[in-house]
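Written below as structure tokens is the structure these notes are about.
The values are calculated or read from the model by the stated rules, or taken from the named source; none is laboratory data. These numbers come from a predicted model, not from an experiment. When we count neighbours, we look across all protein chains shown, and the Cβ atoms used for this are built from the backbone with ideal geometry, even at glycine.
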Amino acid sequence: MNLSLEICRFNPEVDREPYFQEFRVEIAGHQTVLDALLEAWRQDPGLSFRRSCRSAICGSCAVAINGTPRLACQTLIRDIAGDNGRITIQPLPHFRQLKDLVVDLEPLFDSLKAVVPWLITRPEHDGHMDPAVSQRMESLSSCILCGICDAAICNPGGTKPAAYVKGLRLAQDTRDVLNEARLRLMQVPPEILKLFIKKMPDVCPKKVKVPEI
Amino acid sequence: MLIHEVLVVGGGLAGLMAALTATEKSDVAILSKIYPTRSHSGAAQGGFNAVLGEDDSISAHIFDTVKGSDYLGDQDAIEVLCSEGPELIRELERMGVLWSRNPEGGLAQRSLGGAGFPRACFAADISGHVVLHTLFEKVLERGIKIYPEWHLLELLVEEGQIAGALVYDLARAKLEIIRCKVLILATGGYGRAFAKTTNAFANTGDGMAIAYRAGAILSDMEFVQFHPTTLYGTNVLISEAARGEGGYLRNKDGERFMARYAPQKMELAPRDLVSRAIFKEIKEGRGIEGKYVHLDLTHLGEELLQQRLPQVKDLAARYAGVDAARNPIPIEPAQHYSMGGIRTDVWGMTSIPGLLAAGEAANVSVHGANRLGGNSLLETVVFGRRSGQRAAEIAGTERWVSLSEAAVSRYMEPWNSLLAGRTQAKQDDSPFAIQQEATSLMTRQVGVFRDGPELEDAVKRLAELKERYRRLTPPAGEQPYNYALMHYLELGYILDLCELIARGALRRTESRGAHFRLDYPQRDDQNWLCHTFVRRGEKGPEFSNGPVSLTHYPPQERGY
């Protein structure tokens, strides 16, 4: 199908503010928005966007598609192209735009540090774990740190949902010294927590569930 | 100028493991062209081989690996790989890896191809992802400096030793020199040299090509793994775990055709054999629509798919529109892994003092002519750790190699002028066109089945493509996130490696593991039980043969 991609462009060295540029691309319905972006890139190699695995495991190609934060490689054209064949692609909202679709990821990665995002192993841990405990953590451990939840459920100045997911996973890990004490240390206000629980299933590309605790 | 005792290039499993080990005793930094958590290690699905059960044994793992390698793997290195496996798995467990469990709370293990025992530890079918993120968490804990989205451009070699690296910060569009005593290349493979590949866009073999240009010896480049089960069309990987959990391969008649090729191991024969079998079925008219075969998981049941293969189910649904619980998945073989790489010893040491390599970028060689599923993840942590240990030792004992101002200018000058160049006028040729031709050529003529005339033709055409590449005006311009420039450089790496792969394949007049010559269909131990070494000479690549370590297992016929 013949698509009109409206891509948000911005080069900080030249442009005073972002603007939209239209690209006409020929793409099949079963292909992805990433395929469409790659086609646009062939037309203008100066277009900047991140991508790598093209199978929804690396988290690089998170952008806003028709206003909704999604992974470009995971979004099929037929699911989002309307009758007019027009798709807008913008950088992730609530992230600083550095160039075109590339945003500043440092605040996301920095925010992880606040939850002490590593296992502090109990010295007596013998290598065994209740399979039920392990299974409960599986969904939380499939987070790919793409930033989409942060873009969709912004909690300005507070814990970012991705950091919370990491902290919450460790809070359930029976190998961890802090274990449940992490919940108190993270101090996520109940209303924010409710927001994470409610919104995560709709926004997360890996369907990570924030459990009620 | 930035200074670190040890610079690790690459933020995948091998790189992070090397950095975490070296940081115990030295100042380390990680430089990676994408954020570490985006590394392609995260796409690994199946698992890590390690002997844990009492019914299994280290010597069985060693033998399976040697046989899987078609006797080209170095047996001393394979002994290291298999012996250190169990300890590493336990260490990863203590670091926080969420392994899938058996009912007793121990680590669950599954069967992968070519193994005589279910010995792959796994985390559902996102094993690489889970371990990568755990190691990344440990890197945050240790406060190791990361240079994310910085590209290695050139190795600085002075007095025959590593003095540092010339690198490029994509965000600031700036060149920098990083001085180091030891540089560890953990840059992964070159999958993007092939049009049909499971690999990520980032997998362009940068480290191998840059090491080759700096004079390091590469080895066994002609050995390229083609994974049997990738989604037809997109070549998205469908894990060997799908067959490990009991999946069948069927042709258009619904027949489990592996019975003809590997009557004992069936679908769990090694990858080289299964990929050839699939192409043979298609060639002899038993493919579906003449193009692909089916991976049938329908008999496994919804629940098992959800528990053990959730990603496989998801990938099939999204990229092939198939509900794997109800219908078979259309699959075809595609490039997956680089057996060859930068030649190292069992401590990661290359032919250049101060330069180490680990993981897929390296050739130790534990995989020989064909890698077994579950052994590459194991290799990343075993040899990542070893190279980190050795790097810290070198950093503690060796002096700094001097690097004069004049030398710095000499290295910087060509890159400065490349970056300062103007955006080019419209050209008739483009990196996209050259890449398209080169990678299609590799898949078509340097793929699963090879023969002399096709390879000769490929070598000739690759030389023409290199010539076209040389005539391109680099897409210069000092702008941030200049992916056009990176793409141009990456294409240069790919073209260098394509030449080594094709010429290596032409030179090796036998069939062994993943290298199959229609004109020389037999393994020839008399003449070719040897590694292929290659280094850059004045007039192009200079090839030679190197000895294979045979400790306990003399070559035998390889049947499955």
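Taken together, A:ILE144, A:ILE197 contain a single residue that is more than 11 Å from every other protein chain (Cβ to nearest Cβ) and either of a type outside the set (Phe, Trp, Tyr) or under 25 Å from A:GLN74 (Cα atoms) (or both), which is A:ILE197.
Condition check: in a helix (DSSP H, G or I), more than 24 Å from the chain's Cα centre (by Cα) and without any contact (Cβ under 8 Å) to a residue 40 or more places away in the chain. Does B:GLU437 satisfy that? Judged against the criteria, B:GLU437 is not a match. Tell me, yes or no, whether region A:178-187 has at least one residue that is crowded, with 16+ Cβ neighbours inside 10 Å, more than 13 Å from every other protein chain (Cβ to nearest Cβ), in contact with a Pro (Cβ under 7 Å, 6 or more places away or on another chain) and in a helix (DSSP H, G or I). No, every residue in region A:178-187 fails to be crowded, with 16+ Cβ neighbours inside 10 Å, more than 13 Å from every other protein chain (Cβ to nearest Cβ), in contact with a Pro (Cβ under 7 Å, 6 or more places away or on another chain) and in a helix (DSSP H, G or I).
Looking only at residues of region A:113-136 that are surrounded by 20 or more Cβ atoms within 10 Å (Cβ to Cβ) and without any contact (Cβ under 8 Å) to a residue 60 or more places away in the chain, we find that the one that is nearest to A:ALA64 (Cα to Cα) is A:PRO117.
A count restricted to region B:209-248 and to residues that are closer than 17 Å to B:PHE122 by Cβ and in a loop (DSSP other than H, G, I, E, B) stands at 6. Look at (1) touching a residue at least 12 places away in the same chain (Cβ under 8 Å); (2) in a helix (DSSP H, G or I); (3) within 17 Å of the chain's Cα centre (by Cα) and you find that A:ARG169 fails only one, number (3). In a residue-by-residue description of region B:333-342, the property of being in a strand (DSSP E or B), buried (at least 22 other Cβ atoms within 10 Å of the Cβ) and within 14 Å of another protein chain (Cβ to nearest Cβ) applies to at least one position.
Once region B:440-483 is narrowed to residues that are of a type in the set (Val, Ile, Thr) and in a helix (DSSP H, G or I), the residue that is nearest to the other protein chains (Cβ to nearest Cβ) is B:THR443. Going by what's in this entry, would B:ALA324 be described as modelled with pLDDT of 95 or more, part of a loop (DSSP other than H, G, I, E, B) and in contact with a helix residue (DSSP H, G or I) (Cβ under 6 Å, 6 or more places away or on another chain)? Yes: the conditions hold for B:ALA324. Selection over region A:173-213 of residues that are more than 24 Å from the chain's Cα centre (by Cα) and touching a residue at least 60 places away in the same chain (Cβ under 8 Å) gives a count of 2.
Select the strands (runs of 3 or more DSSP E) contained entirely in region A:1-120, then report the ones holding at least 3 residues which are more than 9 Å from chain B (Cβ to nearest Cβ).
Of the strands (runs of 3 or more DSSP E) lying wholly inside region A:1-120, those with at least 3 residues that are more than 9 Å from chain B (Cβ to nearest Cβ) span A:2-9, A:19-26, A:62-65, A:68-71, A:86-90.
Checked against the criterion of being more than 21 Å from B:ARG38 (Cα to Cα), crowded, with 18+ Cβ neighbours inside 10 Å and of a type in the set (A, V, I, L, M, F, W, C), the candidates A:ILE192, A:ILE153 yield just one match: A:ILE153.
Being closer than 20 Å to B:ARG536 by Cα, under 20 Å from the mean Cα position of the chain (by Cα) and within 14 Å of chain A (Cβ to nearest Cβ) is the requirement here; does B:GLU499 meet it? Answer is no for this residue.
Let's see how each residue does on (1) within 23 Å of B:THR134 (Cα to Cα); (2) not charged (D, E, K, R):
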| position | (1), (2) |
| --- | --- |
| A:ALA152 | no, yes |
| A:ALA162 | yes, yes |
| A:LYS166 | yes, no |
| A:ILE197 | no, yes |
| A:CYS204 | yes, yes |
| A:VAL210 | yes, yes |
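Filtering A:ILE80, A:ILE87 for residues that are over 18 Å from the mean Cα position of the chain (by Cα), at negative phi and modelled with pLDDT under 95 leaves a single hit, A:ILE80.
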